[in-house]
Amino acid sequence: MSAEPVIALSNIRKEYGRGEAQVNALDGIDLSVAPGEFVMLMGPSGSGKSTCMNLLGCLDTPSSGSYRFRGVEVGSLDREQQALLRRHYIGFVFQGFNLLSRTSALENVELPLLYRGTPKAERRARSLAALEQVGLAERADHTPAELSGGQQQRVAIARAMVTEPSLLLADEPTGNLDSARSEEIMQLLTRLNAEQGLTIVMVTHEPDIARYAHRLVHFRDGRIEEAA
Amino acid sequence: MLWNALLLALRAIRRNVLRSFLTVLGIVIGVGSVIIMVNLGNAATASVTAQIASLGSNMLIVRPGQRRGPGSNEEGAALTLADAEAIRREVPGLAAVAPTANKSMTAVFGNSNWSTTVTGTDNAYRTVRDWALVSGRDFTPGELAGGRAVCIIGDTVRRELIGPGDPIGVRIRLKNIACEVIGLLEPKGQSSMGQDQDDAVLVPLRMFWRRVAGNQDVGAIQLSARDGVATTKVQAQTERLMRERRRIKDGADDDFHVFDMRQITNTLTNTTRSLTGLLGAVAAVSLLVGGIGIMNIMLVSVTERTREIGIRLAIGALGHEVLLQFLVEAVVLAALGGVAGIALALGVSWLASDLMGMPFLVDWGIVLIAFLFSAAVGVVFGYFPARRAARLEPIEALRHE
Ligand SMILES: Nc1ncnc2c1ncn2[C@@H]1O[C@H](COP(=O)(O)OP(=O)(O)OP(=O)(O)O)[C@@H](O)[C@H]1O
Ligand SMILES: [Mg+2]
């Protein structure tokens, strides 16, 4: 593992709209995350956490500024290269889950492996194992509509982890879970972080959850406040 | 990768059963209706043409009276046997000339009786009508000259009166005339006017004159031109000859008419052809409706598809992989619908032509056009919204409403 940071944001801005209606969702962000780090993003609603996560996940393009992922300037990559970067290095848990509807939990979890070209038997085994880890093995055949919010969230976590990414980006992954489930998920993430050196950037509102992090980053009005 | 796309496409089809079904249905309706309509139109044209051909090719009919639109004759002096002989002598290019006179009569055999048309004529009649004998023989010169009571019967008369088996030698009665059957005509089926041509009894003209009509009138003279001779020319020459013979002054109207069957043929073929055109137009509309149906389904599902594409892109799918999946999905549905539509159309056309006694014809050109059109609609409206979505930033696709 190189000493190079996994993530290096410098002076990142993201503006929505134009003129009067312009919103500065991110207003000059500098953030660096080292390999194996477990970072929590916190801050009031609307402070730009999700916007920042989307940029980190190469799902969106900043208005200005530089984002280097493992030393590579993301802005210089074309769409396909960014997609390959997501495919091979990044697992993403959305605030709104974003599971495929009318598709079983198992098939949802399998999907990223399918795009990686993992053979069928291995795909199945790894997806089942991932569902097992989030405690949903017996719900593998259920579609999102047949799952509770918390269960959907855990499927989304399983989908993000199944590819064994080197960076896990999770936007409030415990937002819909009770405290016991949240504990379990956090222990799972901590274990992956410690044993496999998985780098984790995660958004949370809950101070209880925040204590698992190595470092907290506070957002306010699109800026990062002094680290706690 | 194509394998993956196929797998994903099949999963998507299974997931969206209703949407897939409606898409396929749109294609089935579009493809099916066009093929059915065009096939039936063509079959109608072909059967009309075949029926006309069965009337006898290159045939003309001379009748007394003015022609006043189809079917209506004005009285004119009857034709004579001498007219027929004059035509045979003086009009060049004729294959045969048959004087005819007919009357509707009841034929009796045993307990059965059957109302039919009895035609007095000679052996040239079969040549003009291009009508073969299945069994038996023509009239002998002796029978013709002596006006003997012998007859050649059509297939319907045999069936209704005598029943199965060879009718040769059987004696039937026409009104009160005992008449020996000497020949059986080959079945011809319905004429283009819907008459049963096989409902006929032929007797020697002299026998008809003496024992049926009681006069020596010829009702109509039927002619056939030799192959390669223009019937219009024959018509003109016959008209000139008849005017001369009937002493019609220059400028006066004809009191007879010469009917060219080819004109009827042309009229009828044109009619059926415009019928085919009309059916084709109706079919084109149904094709369009089917296409709009597909388009609607595809456009309604654009939001869902766009979000789905966003998800796939976010978890690492490449734009062209997603597109390939959607393309394969569209192609699979189009192919399914196309094949089902073609199968349905062929089945229905076959059944319909069987029921209506028409030939079963398939216009493969139309099959291809209908299939390509529907497939194109499916592919275009399935593929292009997907392509637009795949070009968005993943997060924009995910947020699509
Ligand atoms: N697509 C968009 N168009 C316009 N404005 C947007 C868009 N997305 C986000 N914003 C604005 O950017 C700001 C930051 O939003 P963001 O979603 O990053 O907040 P957040 O910190 O994740 O909040 P929460 O804790 O509620 O999830 C908000 O003011 C929001 O209104
Ligand atoms: Mg958020």
Restricting to segment A:124-155, what's the tally of residues that are within 21 Å of the chain's Cα centre (by Cα) and within 14 Å of chain B (Cβ to nearest Cβ)?
-> 5
Would you say A:GLY46 is at pLDDT below 95, over 14 Å from the mean Cα position of the chain (by Cα) and closer than 20 Å to A:ALA170 by Cα?
-> yes
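Rundown of residues vs (1) under 18 Å from B:SER115 (Cα atoms); (2) of a type outside the set (S, T, N, Q); (3) part of a helix (DSSP H, G or I); (4) out of contact with any Phe, Trp or Tyr (no Cβ under 9 Å at 6 or more places or on another chain), yes/no style:
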{"site": "B:ALA145", "(1), (2), (3), (4)": "no, yes, yes, yes"}
{"site": "B:THR156", "(1), (2), (3), (4)": "yes, no, yes, no"}
{"site": "B:GLY165", "(1), (2), (3), (4)": "no, yes, no, yes"}
{"site": "B:MET207", "(1), (2), (3), (4)": "no, yes, yes, yes"}
{"site": "B:GLY228", "(1), (2), (3), (4)": "no, yes, no, yes"}
{"site": "B:LYS233", "(1), (2), (3), (4)": "no, yes, yes, yes"}
Across segment A:172-195, what is the total count of residues that are more than 18 Å from A:VAL109 (Cβ to Cβ) and either under 13 Å from the mean Cα position of the chain (by Cα) or open to solvent by less than 10 Å² (accessible area, probe 1.4 Å) (or both)?
-> 4
Would you point out the residue of segment A:48-63, among those that are within 16 Å of ligand 2 (Cβ to nearest atom) and closer than 15 Å to B:ILE311 by Cα, that is surrounded by the most Cβ atoms within 10 Å (Cβ to Cβ)?
-> A:ASN54
Are there any helices (runs of 4 or more DSSP H) wholly within segment B:254-359 with 3 or more residues that are at pLDDT 85 or above and within 30 Å of A:THR103 (Cβ to Cβ), and if so which?
-> B:302-314, B:319-355
Just to be sure, is B:THR121 at pLDDT 95 or above and of a type in the set (Val, Ile, Thr)?
-> yes
List, please: which pairs have Cβ atoms under 6 Å, are six or more places apart or on different chains, and start with a residue in segment A:117-128 that is open to solvent by less than 80 Å² (accessible area, probe 1.4 Å) and end with one that is assigned to a loop (DSSP other than H, G, I, E, B)?
-> A:ARG126/A:VAL162; A:SER127/A:VAL162
Selection status of B:ASN113, within 28 Å of B:LEU60 (Cα to Cα) and open to solvent by 30 Å² or more (accessible area, probe 1.4 Å) | no
List every residue pair whose Cβ atoms lie under 6 Å apart, where the two residues are 6 or more positions apart in sequence or sit on different chains, the first residue falls within segment B:174-191 and is assigned by TED's automatic domain parsing to the domain that holds B:TRP131, and the second residue, located anywhere, is outside any strand (DSSP E or B) and of a type in the set (Ser, Thr, Tyr).
-> B:LYS188/B:SER54
Matching entry among B:LEU313, B:LEU333, B:LEU323 (being open to solvent by 20 Å² or more (accessible area, probe 1.4 Å) and of a type in the set (A, V, I, L, M)) = B:LEU323
Selection count where residues are at pLDDT 85 or above, within 16 Å of ligand 1 (Cβ to nearest atom) and among the charged types (D, E, K, R), scope segment B:374-401 = 3
Among the residues of segment A:93-110, is there at least one that is within 16 Å of ligand 2 (Cβ to nearest atom), assigned to a strand (DSSP E or B) and either open to solvent by 20 Å² or more (accessible area, probe 1.4 Å) or out of contact with any Gly (no Cβ under 9 Å at 6 or more places or on another chain) (or both)?
-> yes
Quick one: which of A:SER66, A:SER45, A:SER76 is open to solvent by 20 Å² or more (accessible area, probe 1.4 Å), within 11 Å of ligand 2 (Cβ to nearest atom) and either under 12 Å from A:VAL201 (Cβ atoms) or more than 14 Å from chain B (Cβ to nearest Cβ) (or both)?
-> A:SER45
List the pairs whose first member sits in segment B:130-141 and is assigned by TED's automatic domain parsing to the domain that holds B:ASP227, whose second member is among the aliphatic types (A, V, I, L, M) and open to solvent by 50 Å² or more (accessible area, probe 1.4 Å), and whose Cβ atoms are under 8 Å apart, counting only residues at least 6 apart or on separate chains?
-> B:SER135/B:ILE168; B:GLY136/B:ILE168
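The values are calculated or read from the model by the stated rules, or taken from the named source; none is laboratory data. What you see is a predicted model, and the numbers here were worked out from it, not measured in a lab. Glycine gets a Cβ as well: all are built from the backbone with ideal geometry, and neighbour counts include every protein chain shown. For accessibility, only protein heavy atoms count, side chains too; no ligands or nucleic acids. Shrake-Rupley method; radii C 1.70, N 1.55, O 1.52, S 1.80 Å.
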